[in-house]
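The values are calculated or read from the model by the stated rules, or taken from the named source; none is laboratory data. This is a predicted model, so every value here is computed, not measured. Ideal geometry is used to build each Cβ from the backbone, glycine not excepted, and the neighbour counts take in all protein chains shown. Note: accessible area is taken over every heavy atom of the protein model, side chains too, but ligands, DNA and RNA are not part of it. Shrake-Rupley method; radii C 1.70, N 1.55, O 1.52, S 1.80 Å.
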Amino acid sequence: MATILSPAASLSQSQQPDIDYHPDEAKWRARTARRLADNPSLPDIPLPAGFPDTITGSLAWEGKDWNDETEWVYTLSTEELMEIDEAVQYFEGLNLPIYQISPSTFPLPTLGPVLQQLSSSHLHDPGTARGFVVIRSIPVATYTRFQNLAIYAGISVYIAPTRALQDPGTGGVIGHITDLRETFESSLLGAASYTNESQPFHSDPGDIVALFCLEVAGGGGGGSKLASSWRVYNELAKARPDLLGVLAGKFPLEMFNRAPPYRMRSMLFHHDGKIIIQNARRLCTGYMGLPRSKDIPPITEAQAEALDALHFLAEKYHLKLNFQKGDIQYVNNLCMFHARDEFLDTSEKRRHLVRIWLRNDELGWKVPPPLVKRWEVLYDAIPLEKQKFPLEPELRSASRGHTSK
Ligand SMILES: [Fe+2]
């Protein structure tokens, strides 16, 4: 269980380190040099007790290992696209809300078992998985927004049937990822996902992060990047095991719009034989309309170095996906980091993704005790009939900035 503290409790007099949401390599290297100069024996600090020296297997990959995207892209055949089309027509004929999507209301007799196999072999099984898979390509332009969301939910129900609550304020179980700076003033935007800016390597909450690309940016950019957190772990275990000890310690993670204002929680766990990293950078640095509060404890210099190390090692070993309109990207968020490049929209083509957080209760990994409560809020807190699928973008309450102009 995560420790809950009030702002007044244990408030350190020290300052928040000089670290921003957007990583600065020069600052990271300077901080590392400073800390090692102060204490050259830092790298001699051993790994946390019981943690592995190295992780082997298919999930500990490097981007340079991959050069043939057919290994992770499943391109839907004409027959499978026809099956999806028949399923969405059938579902619409039932006149049901999208939360009623299930294998019986969205039947995929041929494709369904294929998707279930992909979920096991590519996302969940540490013996075979790379931690991600892309389903290509839904002809989104031929469908209405409702139909596209129904297709997305319909395919996803075969990958991982349980959807997470993304917005407790509305019951929203999907999130529109698009540049909303023309709709909302910047002080209301508390996450880079609502801008055109890059996002550093990070983890979302939940087991499986799904992204459906409705449109790419007309002016380019917006590349989707993935990195194996197990590969990053191996590098740190070899060169800087002390930083793994830092990551296994507790960080003051800001809760922004929720109470209490912060929680003390680790980012690194060793549970059920697996390493799990929850890289919650924004909760340590703040972003735009949700800056880091001054009346909560700062993170430490060591934590700042560890956060940057996660990003820059992920950058070193990442794979950039050729994410296309109509693609659905599924990522095991417990062993992978994701990031994106900045992008440039045009009036004709505005980048627009739709995010769902999923869990496969049969295949999903066990989460460590400090994450159980969070997972219960994600996956158990909302009855099916309260799940909302907003057709148009809206600000998630947890990412809404504090103040207006
Ligand atoms: Fe994310």
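Being open to solvent by 40 Å² or more (accessible area, probe 1.4 Å), without any contact (Cβ under 8 Å) to a residue 60 or more places away in the chain and more than 23 Å from LEU384 (Cβ to Cβ) is the requirement here; does PRO103 meet it?
no
Give me the residue from region 181-207 that is within 12 Å of the ligand (Cβ to nearest atom), of a type in the set (A, V, I, L, M, F, W, C) and touching a Leu at 6+ places or on another chain (Cβ under 8 Å) and, out of that set, farthest from GLN329 (Cα to Cα).
Only one residue tops the list, namely ALA191.
For region 211-228, give me each residue that is within 15 Å of the ligand (Cβ to nearest atom) and under 24 Å from GLU62 (Cβ atoms).
LEU211, GLY222, GLY223, SER224, LYS225, LEU226, ALA227
Of all residues in region 367-387, how many are of a type outside the set (Asp, Glu), within 27 Å of THR178 (Cα to Cα) and either modelled with pLDDT of 95 or more or assigned to a helix (DSSP H, G or I) (or both)? Don't jump to the end; show me each part of the working.
Quick first cut of region 367-387, residues of a type outside the set (Asp, Glu) only: 367-375, 377-379, 381-384, 386-387.
Those still in the list that are within 27 Å of THR178 (Cα to Cα) too: 374-375, 377-379, 381-382, 384, 386-387.
Next cut, either modelled with pLDDT of 95 or more or assigned to a helix (DSSP H, G or I) (or both) only: 374-375, 377-379, 384, 386.
Of the residues in that region, 7 qualify.
Is region 343-366 home to any residue that is under 30 Å from ILE19 (Cα atoms), away from the ligand (no atom under 16 Å from the Cβ), assigned to a loop (DSSP other than H, G, I, E, B) and modelled with pLDDT of 95 or more?
So far as region 343-366 goes, yes, one or more of its residues are under 30 Å from ILE19 (Cα atoms), away from the ligand (no atom under 16 Å from the Cβ), assigned to a loop (DSSP other than H, G, I, E, B) and modelled with pLDDT of 95 or more.
Residues that are touching a Pro at 6+ places or on another chain (Cβ under 8 Å): find the strands (runs of 3 or more DSSP E) completely inside region 161-277 holding 2 or more of those.
Details: elements: 175-178, 199-202, 208-215, 224-228, 251-254, 262-265, 268-271, 274-277.
Counting at least 2 such residues, we get 175-178, 251-254, 262-265, 268-271, 274-277.
Please determine, by comparing only the residues of region 67-100 that are free of Cβ contacts under 8 Å to residues at least 60 places away in the same chain, under 23 Å from THR162 (Cβ atoms) and hydrophobic (A, V, I, L, M, F, W, C), which one is surrounded by the fewest Cβ atoms within 10 Å (Cβ to Cβ).
Checked region 67-100; the qualifying residue surrounded by the fewest Cβ atoms within 10 Å (Cβ to Cβ) is LEU94.
Provide a single number: the residues in region 380-394 that are surrounded by 13 or more Cβ atoms within 10 Å (Cβ to Cβ) and in contact with a Gly (Cβ under 8 Å, 6 or more places away or on another chain).
Residues in region 380-394 being surrounded by 13 or more Cβ atoms within 10 Å (Cβ to Cβ) and in contact with a Gly (Cβ under 8 Å, 6 or more places away or on another chain): 6 in total.
Can you tell me which of (1) open to solvent by 10 Å² or more (accessible area, probe 1.4 Å); (2) modelled with pLDDT of 95 or more; (3) more than 16 Å from the ligand (Cβ to nearest atom) is the one PHE251 doesn't meet?
Here PHE251 meets the rest and fails (1).
Within region 230-238, does at least one residue satisfy the condition of being at pLDDT 95 or above and within 16 Å of the ligand (Cβ to nearest atom)?
No: zero hits.
Listed here are the residues, each with its yes/no results for (1) more than 16 Å from MET264 (Cα to Cα); (2) open to solvent by 60 Å² or more (accessible area, probe 1.4 Å); (3) in contact (Cβ under 8 Å) with a residue 40 or more places away in the chain.
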site	(1), (2), (3)
ASP295	no, yes, yes
ALA309	yes, no, yes
LYS320	yes, yes, yes
CYS335	yes, no, yes
HIS338	yes, no, yes
ASP345	yes, no, yes
PRO369	no, yes, yes
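Could you say which residue among GLN117, GLN89 is of a type outside the set (A, V, I, L, M), modelled with pLDDT of 95 or more, more than 23 Å from the chain's Cα centre (by Cα) and assigned to a helix (DSSP H, G or I)? First the steps, then the outcome.
Details: GLN117 fails: more than 23 Å from the chain's Cα centre (by Cα).
None of the other options fit; the residue is GLN89.
Suppose the filter is more than 16 Å from the ligand (Cβ to nearest atom), within 17 Å of the chain's Cα centre (by Cα) and surrounded by fewer than 23 Cβ atoms within 10 Å (Cβ to Cβ); does THR162 pass it?
Yes.
Looking only at region 128-137, decide whether some residue is closer than 30 Å to ILE55 by Cα, open to solvent by 10 Å² or more (accessible area, probe 1.4 Å) and not in a helix (DSSP H, G or I). Walk me through it before giving the result.
Pass one, region 128-137, residues closer than 30 Å to ILE55 by Cα: 128-135.
Keeping just the survivors that are open to solvent by 10 Å² or more (accessible area, probe 1.4 Å) gives 128, 130.
Adding the requirement that they be not in a helix (DSSP H, G or I) leaves 128, 130.
Within region 128-137, one or more residues are closer than 30 Å to ILE55 by Cα, open to solvent by 10 Å² or more (accessible area, probe 1.4 Å) and not in a helix (DSSP H, G or I).
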